[in-house]
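Following: one structure in structure tokens, then a few remarks.
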Amino acid sequence: MAVVWLEKLLRLQELDLRLRDLEARLRLLPREMSDMVAKRDALAADTKAAQDAARKVELAVKAGESGIESLQKENLKLQQQSALVKNNKEYQAMLAAVEQNKQKIGELEERTLLLMDDLDAARKRVLKVAADNAAATSTLKAEFDELLAFSGEVKKEIAKLQTARPAYLRDIDADTLRQYNVLLGGKMPSTPVVEVENGICGNCHLKVTPQTQNLLRKGDVAVCDNCQHFIYDAAACGVK
């Protein structure tokens with residue numbers, strides 16, 4: 001039969017270690033959720049960047065088409081005016097202007113055709129990026145919702161354990177409990193109660209003194225001479 005003091009400490013320790021793990025996990029959740037929000041925003045920004053790039057090319061195409069239309073109208077006007085001009089010098093100047101405009105139109109048409117190819121590629125990229133990012137965003141949302149639900153479950157379990165904890169403290173003497181709490185939640189939190197195997201402390205892994213081993217064989221409250229952790233001999237105390 002397990003020694004009473006040990007049973008109580010181990011039961012308390014099991015609760016406290018679970019509580020500590022849950023609280024540590026809960027502290028990490030806001031960062032994880034914040035990272036997900038940042039990834040979602042990055043995906044949205046990536047989609048917008050693709051859309052903006054396509055829009056920029058589209059505006060360049062429209063500018064080219066507008067420039068061509070403007071030059072064509074100017075040539076039409078020049079041709080109409082040239083029929084009324086009687087001065088040969090002015091007539092030749094108009095013809096030269098028409099030819100110059102035709103050259104500009106050709107250059108604009110060539111450039112605009114290339115831009116139209118770019119626009120087609122940019123629009124296809126928008127569709128792919130938007131589809132890929134929408135799928136990734138959907139996955140992130142599902143993961144975020146799972147974390148949110150998990151956060152609620154963790155908080156409920158923490159509250160339940162905190163409510164139950166006082167009952168586990170009964171009949172544990174004040175000095176033992178004080179030392180236990182120091183080990184549990186100090187600057188370097190650890191497992192306060194550890195087993196000794198072959199005379200070796202389960203925390204610091206150093207050999208305990210013969211006097212302490214004698215205490216362990218009796219099932220008494222024992223503390224490691226090196227690390228001050230509570231130690232026990234499972235066989236002597238009837239603990240499996």
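Throughout, read-outs are computed from the coordinates displayed, never taken from laboratory work. These figures come from a predicted structure and were not determined experimentally. All Cβ positions, even for glycine, are placed from backbone atoms using ideal geometry, and neighbour counts span all protein chains on display.
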| query | Once you put a point 7 Å from the Cα of Asn198 and another 7 Å from the Cα of Ala234, both along the Cβ direction, what distance in nm separates them? | reply | 1.4
| field | Scattering curve values for segment 4-168, log₁₀ I(q)/I(0), Debye with Cα scatterers, q = 0.08, 0.11, 0.12, 0.13 Å⁻¹ | value | -0.56, -0.73, -0.78, -0.83
| said: Looking at the chain only, what percent of DSSP beta bridges run antiparallel? Nearest 5 please. | reply: 60
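Nothing charged except the Cβ atoms of Lys and Arg (+1) and of Asp and Glu (-1): what's the magnitude of the dipole of the chain about its Cα centre? Round to the nearest 20 debye.
On the way: 36 positive and 36 negative charges, 82 e Å.
With Lys and Arg at +1 and Asp and Glu at -1, about 400 debye.
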| Per residue and in Å³, how big is the convex hull formed by the alpha-carbon atoms of segment 87-240? | 299
| query | How many nm separate the modelled label positions at Leu95 and Leu114, each set 7 Å beyond the Cα in the direction of the Cβ? | reply | 3.2
| task | Please identify, among Val154, Val98, Val85, the residue showing maximal mean-square fluctuation in a Gaussian network model of the chain using a 10 angstrom Cα cutoff. | result | Val85
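Roughly what percent of Cα-Cα pairs across segment 174-237 reach past 16 Å? Intermediate values should be presented prior to the final figure.
Values: 775 of 2016 pairs.
Above the 16 Å cut-off, segment 174-237 has 38 percent of its Cα pairs.
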| task | Taking the Cβ of each residue in Lys104, Lys141 as the centre, tally the other Cβ atoms inside 10 Å and list the residues starting with the fewest. | result | Lys141, Lys104
| task | Using only the alpha carbons of segment 85-137, determine the length spanned along each of the three principal axes and report them from longest to shortest in whole angstroms. | result | 71, 14, 8
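Between Leu59 and Asp132, what's the calculated FRET efficiency when r is the beta-carbon distance and R0 is 22 Å? Round to 0.05.
Values: r = 25 Å, r/R0 = 1.14.
Efficiency, from the Cβ-Cβ distance: 0.30.
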| message | Let me check against my output: what whole-number percent is the relative contact order of the chain, with C-alpha pairs under 8 Å and at least 6 apart? | response | 26
